[in-house]
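Working notes, beginning with the structure itself.
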Amino acid sequence: APKGVMTLSAFHPADNVGIGAFDARPVPGDSARYQAFIEVLNASAGAKRVKLRVAGVGAKPLVRTLQLAGRERALEALDVSAFDGGVLRASIESPDDAFDLDNEAYALLPMKRVVRVALVTRGNAPLERSLRLIPRVQLSVIVPEKFSAGQAFDAAVFDRFAPRQQPSLPSLL
């Protein structure tokens with residue numbers, strides 16, 4: 001084995017604390033607020049003090065200290081509404097943790113801003129209805145002859161129509 005490598009038998013007990021689950025979801029009944037759900041597991045025989053940190057864009061990280069008995073798990077629900085949309089990173093630190101690979105997890109926090117979407121179509125009621133049902137989507141329906149690349153949209157959906165030039169905005173054709 002290369003210098004500095006430590007070999008542990010599969011039958012040798014080792015202390016381990018890890019993240020078992022991590023997800024972010026809107027609060028039911030209030031689409032402007034989000035919660036992160038985190039499961040932290042102590043697979044060690046003895047008690048562990050664990051520092052939990054959730055970080056994202058637009059706000060200071062959330063930090064909690066957990067005290068877990070041996071073979072115990074903690075289920076944490078944190079308000080992450082202050083973060084902008086994008087990636088959230090959960091991480092834990094615990095003394096004498098023998099397995100670092102389960103100390104980080106990632107979740108996606110949906111964008112909170114309104115997204116302006118152009119539906120370029122000659123008429124497709126089911127598609128239009130589906131797009132209108134997506135939260136925080138402001139839909140504008142445009143006939144192909146009236147669409148121009150310079151219009152102020154965040155994304156475009158082209159239904160049975162393709163523009164002559166490649167769109168400069170995210171598009172679905």
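Read the figures in this text as sums done on the coordinates, not as results from a lab. This is a predicted model, so every value here is computed, not measured. So basically every Cβ, Gly included, is an ideal-geometry build from the backbone, and we count neighbours across all protein chains shown.
The table below gives the values:
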{"quantity": "Phi-based couplings in Hz for region 6-23 (Karplus 6.51, -1.76, 1.60; Gly and Pro marked x)", "calculated": "10, 9, 10, 5, 5, 9, 8, x, 9, 5, 8, 10, x, 8, x, 7, 7, 7"}
{"quantity": "Size of electric dipole in the chain: Cβ of Lys, Arg +1 and of Asp, Glu -1, about Cα centre, debye, nearest 20", "calculated": "680 debye"}
{"quantity": "Alpha-carbon centroid distance for the pair region 54-94 / region 97-132, whole angstrom", "calculated": "22 Å"}
{"quantity": "Per-peptide average of other Cβ atoms within 10 Å, ordering 7-20, 76-89 highest first", "calculated": "76-89, 7-20"}
{"quantity": "Percent of beta bridges antiparallel (DSSP, the chain, rounded to nearest 5)", "calculated": "75 percent"}
{"quantity": "Charge dipole magnitude, Cβ of K and R +1, D and E -1 - region 58-160, Cα centre, debye nearest 20", "calculated": "880 debye"}
{"quantity": "From the coordinates shown, log10 I(q)/I(0) by the Debye sum over Cα atoms at q = 0.09, 0.12 Å⁻¹ corresponds to which of (i) -0.52, -0.72; (ii) -0.46, -0.79; (iii) -0.27, -0.48", "calculated": "(i)"}
{"quantity": "Region 15-70 - Kirkwood radius from inverse mean 1/r over Cα pairs (Å)", "calculated": "13.0 Å"}
